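Student: Structure below; questions to follow.
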Amino acid sequence: MLDIKFIRENLELCKQAAANKNRDVDWDGLLALDEKRRKLISETEMLRKKRNEISGQGTGDRVQGAVDVEQQKKGKEIKQELKTLDEELRSVEEQFGLLMLTVPNVPDESVPVGKDATGNKEVKTWGKIPQFSFSAKDHIALAKALDLIDFERGAKVGGFRKYFLKNEAVQMELALMFYTLQKLVAKGYTPLIAPALVKGFTLFGSGQFPWGQDEVYKMEKDDLYLAGTAEVPVTAYFSDEILNEKDLPKKFVAFSPCFRREAGSYGKDVKGVYRVHQFNKIEQVIIAPADTSNSLTLLEELLANAEEILQDLELPYRVLLMCTGEMGEPQVKKYDIEAWMPGRGQYGETMSDSFMGDFQARRLKIRYMAIDGRTVFAHTLNNTALASPRILIAILENYQQKDGSIIVPKVLQNLIGKKVIRR
């Protein structure tokens, strides 16, 4: 979340940021509660000071005399008044906290202003889009012909948007995950296997709640949630801790199964495995010092890692700088990386690279002791390194051959044990 002091001092900037992100905030209610909260805090502090003074007057020489009934009476009155004020303050703090959770982050100046995807800016393309000399198939037809994905039995067993990966598709997904993990470990990222079941505070902390609650599966009986990305548990890894600046940045690469309800995607991508409820992903997460210039450099590092993976796979792609209306609420700056998918006749998102400033760290209370002795909220960043089965779509469709076979990308051939998938 944002610092309330920052909001008060930059109100118009915060209002414009929320409007540009298509979010409504009760600014009048928030500021009124903040004023009331600060007034109550001041009053309680004054009363505690008075109570301490009275308590102090009941010591020393007075102890030898009779009990000062008047002072005792005042003390009881103050105690009751404090109890009333504390109860009111708790109520106000609760209401204030809920409204603070609805305030989105302020985008970087480099972010284009736009209401929807038309405002995104293409900043880079790489690779040559394949031109087939035959009638190309989409991943659905290819997967059925080569017995790589069973859509029908997946739906029978698990319902809509469920699937079974089979045969070489299983090997390819695991090979992709292992290849990506090893690549990033070699770059100095600490490997993790992250829990998919998480507590609610992690989702509020990452900024997925309150906005994205409809997208998350909840385990009602256990009061737990299924995470839609390893960003959620890994960003919360250091929650309520104070780190040392000399130990930052902390860089992680985490594997986890992911779950999303896709509640807002009714009617979109209903066929195939582009948009599914369960998938596997490797996520990059960085906890960094609160230095925006350095954090923006780290954002580019995460982007370069994702690009390198697609280049290794020899998949054509483009990089988009996302506009304000297409960013998430916590994000300061965001890139999407999209691989070319012939079956769609367009690029499809495969990675998403984000810098959050101290927005998540404030919610999760991730701080560090700066070299100068100050306690500072950290910066957080994250980027998808790989998500499957979506990446399989790009591989199957770009590597298809006239005879219906699929060439295995060179970097995966040793891991899978073959160069071509055919039946």
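The values are calculated or read from the model by the stated rules, or taken from the named source; none is laboratory data. This is a predicted model, so every value here is computed, not measured. Here Cβ is always computed from backbone atoms with ideal geometry, including for glycine, and neighbour counts include all displayed protein chains.
Student: Is it fair to say Arg318 is surrounded by fewer than 20 Cβ atoms within 10 Å (Cβ to Cβ) and of a type in the set (D, E, K, R)? Before you say what the answer is, go through the steps one by one.
Tutor: Working: surrounded by fewer than 20 Cβ atoms within 10 Å (Cβ to Cβ): yes; of a type in the set (D, E, K, R): yes.
So Arg318 passes the test.
Student: Only strands (runs of 3 or more DSSP E) wholly contained in region 358-416 count here; list those with 3 or more residues that are in contact with a strand residue (DSSP E or B) (Cβ under 8 Å, 6 or more places away or on another chain) and surrounded by fewer than 23 Cβ atoms within 10 Å (Cβ to Cβ). If you could, list the steps in order and put the result at the bottom.
Tutor: Details: elements: 366-369, 375-377, 379-388.
Once the strands (runs of 3 or more DSSP E) in region 358-416 are filtered for at least 3 residues that are in contact with a strand residue (DSSP E or B) (Cβ under 8 Å, 6 or more places away or on another chain) and surrounded by fewer than 23 Cβ atoms within 10 Å (Cβ to Cβ), what remains is 375-377.
Student: Something else: With (1) touching a Phe, Trp or Tyr at 6+ places or on another chain (Cβ under 9 Å); (2) surrounded by fewer than 23 Cβ atoms within 10 Å (Cβ to Cβ); (3) more than 19 Å from Ser206 (Cα to Cα) as the list, and Arg275 as the residue in question, which single condition is left unmet?
Tutor: Arg275 satisfies all of (1) touching a Phe, Trp or Tyr at 6+ places or on another chain (Cβ under 9 Å); (2) surrounded by fewer than 23 Cβ atoms within 10 Å (Cβ to Cβ); (3) more than 19 Å from Ser206 (Cα to Cα) except (1).
Student: Oh, and also: Looking at region 285-301, is at least one residue touching a strand residue (DSSP E or B) at 6+ places or on another chain (Cβ under 7 Å), within 24 Å of Leu165 (Cα to Cα) and not in a strand (DSSP E or B)?
Tutor: No, region 285-301 contains no residue that is touching a strand residue (DSSP E or B) at 6+ places or on another chain (Cβ under 7 Å), within 24 Å of Leu165 (Cα to Cα) and not in a strand (DSSP E or B).
Student: Please verify whether Ile287 is β-branched (Val, Ile, Thr), within 13 Å of the chain's Cα centre (by Cα), assigned by TED's automatic domain parsing to the domain that holds Ala169 and more than 22 Å from Met177 (Cβ to Cβ), treating the condition exactly as stated. Lay out the reasoning, then the answer.
Tutor: On the way: β-branched (Val, Ile, Thr): yes; within 13 Å of the chain's Cα centre (by Cα): yes; assigned by TED's automatic domain parsing to the domain that holds Ala169: yes; more than 22 Å from Met177 (Cβ to Cβ): yes.
The answer is yes for Ile287.
Student: Considering each of Lys128, Lys121, Lys144 in turn, give the residue that is touching a Leu at 6+ places or on another chain (Cβ under 6 Å) and either surrounded by fewer than 17 Cβ atoms within 10 Å (Cβ to Cβ) or farther than 24 Å from Phe255 by Cα (or both).
Tutor: Working: Lys128 fails: touching a Leu at 6+ places or on another chain (Cβ under 6 Å); Lys144 fails: touching a Leu at 6+ places or on another chain (Cβ under 6 Å).
The match here is Lys121.
Student: Somewhere in region 68-75, is a residue outside any helix (DSSP H, G or I) and modelled with pLDDT under 95? Step through it out loud before you land on a result.
Tutor: Kept after step one, since they are outside any helix (DSSP H, G or I), are these residues of region 68-75: 68.
Remaining after also requiring modelled with pLDDT under 95: 68.
Yes, region 68-75 contains at least one residue that is outside any helix (DSSP H, G or I) and modelled with pLDDT under 95.
Student: Another one. So which residues in region 236-265 are touching a Pro at 6+ places or on another chain (Cβ under 9 Å) and not in a loop (DSSP other than H, G, I, E, B)?
Tutor: Of region 236-265, the ones touching a Pro at 6+ places or on another chain (Cβ under 9 Å) are 245, 248-249, 252-256.
Glu245, Phe252, Val253, Ala254, Phe255, Ser256, listed by residue number.
Student: Here is a follow-up. Going by the structure shown, is Arg62 on the phi < 0 side of the Ramachandran plot, among the basic types (Lys, Arg), surrounded by 15 or more Cβ atoms within 10 Å (Cβ to Cβ) and modelled with pLDDT under 85?
Tutor: No.
Student: If only one of Val216, Val232 is at pLDDT 95 or above, assigned by TED's automatic domain parsing to the domain that holds Asp291 and under 19 Å from Leu386 (Cα atoms), which one is it? Lay out the reasoning, then the answer.
Tutor: Values: Val216 fails: under 19 Å from Leu386 (Cα atoms).
One residue alone meets the criteria, Val232.
Student: Any residue in region 173-189 that's under 18 Å from Ile393 (Cα atoms): show its pairings with residues that are of a type outside the set (Phe, Trp, Tyr) and in a helix (DSSP H, G or I) at Cβ separation under 6 Å, as long as the two are six or more apart or on different chains.
Tutor: Ala175/Leu412; Ala175/Leu415; Ala175/Ile416; Thr180/Ile309
Student: Here is a follow-up. Residues in region 121-134: is at least one in contact (Cβ under 8 Å) with a residue 60 or more places away in the chain and within 21 Å of Val270 (Cβ to Cβ)? Outline the logic, then answer.
Tutor: Taking region 121-134 as the starting set, the residues that turn out to be in contact (Cβ under 8 Å) with a residue 60 or more places away in the chain are 121-130, 132-134.
Add one more test, that the residue is within 21 Å of Val270 (Cβ to Cβ), and what stays is none.
No, because not a single residue in region 121-134 is in contact (Cβ under 8 Å) with a residue 60 or more places away in the chain and within 21 Å of Val270 (Cβ to Cβ).
Student: Then there's this: Among what's in region 208-235 and is in a helix (DSSP H, G or I), free of Cβ contacts under 8 Å to residues at least 60 places away in the same chain and of a type in the set (Asp, Glu), pick the residue that is surrounded by the fewest Cβ atoms within 10 Å (Cβ to Cβ).
Tutor: Asp214
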